2 protein chains.
Amino acid sequence: MPSQTSAVLGALDPTSDRAVFRQIADQLREAIDKGRFKEGDKLPSETELVEHYGVSRMTVRNSLSVLQGEGLVVSEHGKGVFVRPRPPVRRLASDRFARRHRQQGKAAFTVEAEAAGSRPEVDSLEVKEERPSQDIATRLGGPRKVLARRRRYLLDGRPVEFAVSYIPLDLASGTPIAEPNPGPGGIYARLEELGHHLDHFDEEIRARMPSPQEIRTLRLAAGVPVIHLIRTAYDSEGRAVEVCDTVMAADAYVLSYQLPAT
Amino acid sequence: MPSQTSAVLGALDPTSDRAVFRQIADQLREAIDKGRFKEGDKLPSETELVEHYGVSRMTVRNSLSVLQGEGLVVSEHGKGVFVRPRPPVRRLASDRFARRHRQQGKAAFTVEAEAAGSRPEVDSLEVKEERPSQDIATRLGGPRKVLARRRRYLLDGRPVEFAVSYIPLDLASGTPIAEPNPGPGGIYARLEELGHHLDHFDEEIRARMPSPQEIRTLRLAAGVPVIHLIRTAYDSEGRAVEVCDTVMAADAYVLSYQLPAT
DNA sequence: GACGCCTACTCGTCTATACGAGTAGGCGTC
DNA sequence: GACGCCTACTCGTATAGACGAGTAGGCGTC
């Protein structure tokens, strides 16, 4: 029903000093916001928009690229431009590293995902010794070498998170922490078994646009930022025992913290 | 020295199947990453890039728009395209609402900004009674009317944050909370004076691309996401006494939380 | 010197056209 | 029915050209 375009979209205002491609983008955005195009709906094709507005195709494409940059739509080569579906979000509670969870012995990601009815996967395992970057070394108190554990998390086949844990090599070497699978409860459980009683975590949160590498790894659509979280774990002696550097697809997460008011 | 372009940028690979505009974007990105173009530097003009690569101007513009979308560069009409300077970041510690800070009587934003050597400003004051949105009402336990306090925060003249506090009207009405200036220590201090002893805060954090309205309010450059933080304050009886909905320019903030491991 | 114009350069917008490549469905052949 | 081709439609990439508008500096006039 291509002729329905005119039922949803209005006309341009030739007296406006607002650029034509912005006017078109505005109309499409409004139509999406008001639900006249719903999640997953196909927008009118470029050709239809060209005919509807009487402008050239490059102008229409310019409009659509504005909406892509805002993360409102995604284009699929050969198929069309679609209103971007909002993926269900995964909530990360601030007590997700509480000892009581650790003692249950299952990985937090797996438990939470299954509770939410999603199929969790962990891949791209890489565990190796490295020389830490300046930043990581500083956070860990200056070790010369660290064990780096890299993994990627997927939900229902969609990559949502990429994480690297760095542990000072003198803590990790020869322990289950250096194994691809560190066992139930993860490396925090192993650290505590090794006598490093965990005291607290520091988390730093930034948001930014992804690098091309991150776009590939997380298969990000245009206009989706990432949340960059750097967590440092401290034991009861105040020593930093682990730094975890995590990049998350921002459209898949809500972080949740509870803070005392005292 | 326009001829320096060829000293920094290489040639295209005609055998590559990577699109020409992507190859150009890659080369510019690499040059920026490696510091051959530094923060604030002007990139070669579109015309220079056209001559250097032997492509059409639209192709060059396409490359530059890729970098703009990544937030790496900003263009200034009539002047050129510049490597985007990274503004100094403002750190928000998770103890910023601790009672001891509140009792000192100065607004947290002002104190922190001056400590960091920046000039803080708060503007766009609006305090009025409203019917809450569905979401806000739910978070506050369903009041029919709320007091909404809107303000915008600036650092050295640059808007960095827009915040709206919602307080159930039956708590705020006729108190200093309903005044444009609620007095030392802010509304949290007033709430405690009114017998609402604060117990804890919940914070929800999302990251996303800004709406056109947010781009205007925060004067955001292309490719800068926002951090959306929703804080709910609870008193010792478990009642939600305030919801603060905050939108921050992501390039200006690092959020910092400390979590117990217990 | 102060002012204003003029010019050269910058990016912004828009048109018109061409071809490439991915998708989906029809339709005929086997 | 299964397969493969063909076609029509989609978006992706690139060219060439035109005009508009903001910026900054030179330069002449006053």
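The values are calculated or read from the model by the stated rules, or taken from the named source; none is laboratory data. Worth saying up front: this structure is predicted, and the values here are computed from it rather than measured. In this analysis, Cβ positions are derived from the backbone assuming ideal geometry, glycine residues included, and neighbour counts consider all displayed protein chains. Areas reflect the complete protein model, heavy atoms only, side chains present, ligands, DNA and RNA absent. Shrake-Rupley method; radii C 1.70, N 1.55, O 1.52, S 1.80 Å.
Accessible surface area normalised per residue over the range A:2-83 is 56 Å², counting heavy atoms of protein chains with a 1.4 Å rolling probe. The HN-Hα couplings worked out from phi for the range A:228-240 by the Karplus form 6.51 cos²θ - 1.76 cosθ + 1.60 (θ = phi - 60°) are 10, 10, 10, 10, 10, 9, 10, 8, 5, 8, x, 8, 6 Hz, whole numbers, x standing for Gly and Pro. For the listed peptides B:89-101, B:145-157, a ranking on the average number of other beta carbons within 10 Å per residue, highest first, reads B:145-157, B:89-101. Estimated purely from DSSP H runs of n ≥ 4, each contributing -39500 (n - 2.57), the mean residue ellipticity at 222 nm for the protein assembly as shown is -7500 deg cm²/dmol once divided by its residues.
In units of the rule-of-thumb radius 2.2 N^0.38 Å, the range B:67-134 shows an alpha carbon radius of gyration of 1.70.
From the alpha carbon centroid of the range A:1-52 to that of the range A:62-90 is 14 Å. For the chain pair A and B, buried accessible area totals roughly 3200 Å², probe 1.4 Å, rounded to the nearest 100. Cross-link pairs exceeding 29 Å in C-alpha to C-alpha distance, out of A:42/B:79; A:34/A:79; A:42/B:128; A:34/B:145; A:34/B:128; A:145/B:34, comprise A:42/B:79; A:42/B:128. Take the Kirkwood radius over Cα pairs of chain B, plug it into Stokes-Einstein at 37 °C and 0.692 mPa s, and you get 154 µm²/s for translational diffusion. Packing, as the average of other Cβ atoms within 10 Å across residues, places the peptides B:12-21, A:194-203 in the order A:194-203, B:12-21, highest first.
If you take the alpha carbon atoms of the range A:125-262 and fit the smallest convex hull around them, that volume is 139 Å³ per residue.
Counting only other chains, and only Cβ atoms inside 10 Å, what mean value do you get across the residues of A:89-96?
That average works out to 2.
Residues in the range B:128-133 carry Karplus couplings, in order, of 7, 7, 8, 8, x, 5 Hz; the curve used is 6.51 cos²θ - 1.76 cosθ + 1.60 with θ = phi - 60°, and Gly or Pro positions show x. In whole percent, what relative contact order does chain B give with Cα contacts below 8 Å and a gap of six or more residues? Reported relative contact order: 17 percent.
Normalising the Debye intensity of the range B:2-83 to I(0), with uniform scatterers on Cα atoms only, and taking log10 at q = 0.11, 0.15 Å⁻¹ returns -0.24, -0.46. Stokes-Einstein diffusion of the protein assembly as shown at 25 °C, 0.890 mPa s viscosity, Kirkwood radius from Cα pairs, rounded to a whole number: 95 µm²/s.
The mean count of C-beta atoms from other chains within 10 Å of the C-beta of residues in B:206-217, rounded to a whole number, is 5. Among the residues of B:237-250, the average count of other protein chain beta-carbon atoms within 10 Å of the residue beta-carbon is 1. Rounded to the nearest 10 degrees, the angle from helix A:20-33 to the longest Cα principal axis of chain A is 60 degrees.
Across the accessible surface of chain A, with the other protein chains kept in place and a 1.4 Å probe, carbon and sulfur atoms take up 50 percent. For the pair the range B:125-155 / the range B:184-219, the C-alpha centres are spaced 10 Å from each other.
If you take all other residues with their beta carbon under 15 Å from the beta carbon of residue A:8, and give Lys and Arg +1 and Asp and Glu -1, the sum is -1. Residues in the range A:172-184 carry Karplus couplings, in order, of 9, 4, x, 10, x, 4, 7, 8, x, 10, x, x, x Hz; the curve used is 6.51 cos²θ - 1.76 cosθ + 1.60 with θ = phi - 60°, and Gly or Pro positions show x. Pairwise inverse Cα distances across the range B:42-166, averaged and inverted, put the Kirkwood hydrodynamic radius at 18.9 Å.
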